[in-house]
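Read-outs: derived from the displayed coordinates by stated rules, not from any lab. Just so it is clear, the structure is predicted and the values come from calculations on it, not from any experiment. We place every Cβ from the backbone using ideal geometry, glycine too, and count neighbours over all the protein chains shown.
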Amino acid sequence: MAVNELYRQRRALTPDMQNHLAFYLDPARRALDALSEPPTAKVVVEQFELVGLPRDSVQTDDNGNGVRFGVASPQGGCLFGFVALDGQVDISTGGSIMDGGCLDMVGH
């Protein structure tokens, strides 16, 4: 089973990637914190666009409890996390997952 879950592991970030992601982290957190309504995938994508990340770099999963997201940075690496229905934001930085992309699929 452990081997089956390897696709969820994140690749290591270089120092340049970490610095680049840090540039987006706080603005993205503030943009997501500012949402005044229960989040939708569309609104989450729009918030990342407002901080300068391209729409096509954002992956979302709206499971009815909030929106999970993964956003690929142009310089490599990811911003990923969750915006709960009550507005709580959890956002982190890390490498892309071994399977590709920034958002691992639940239940696979």
Calc'd 3J(HN,Hα), region 11-17, phi into Karplus 6.51 cos²θ - 1.76 cosθ + 1.60 (θ = phi - 60°), Hz, glycine/Pro = x, comes to 6, 6, 9, 7, x, 5, 5
With label points set 7 Å from each Cα along the Cα-to-Cβ direction at L85 and F23, the distance between them in nm comes to 3.8
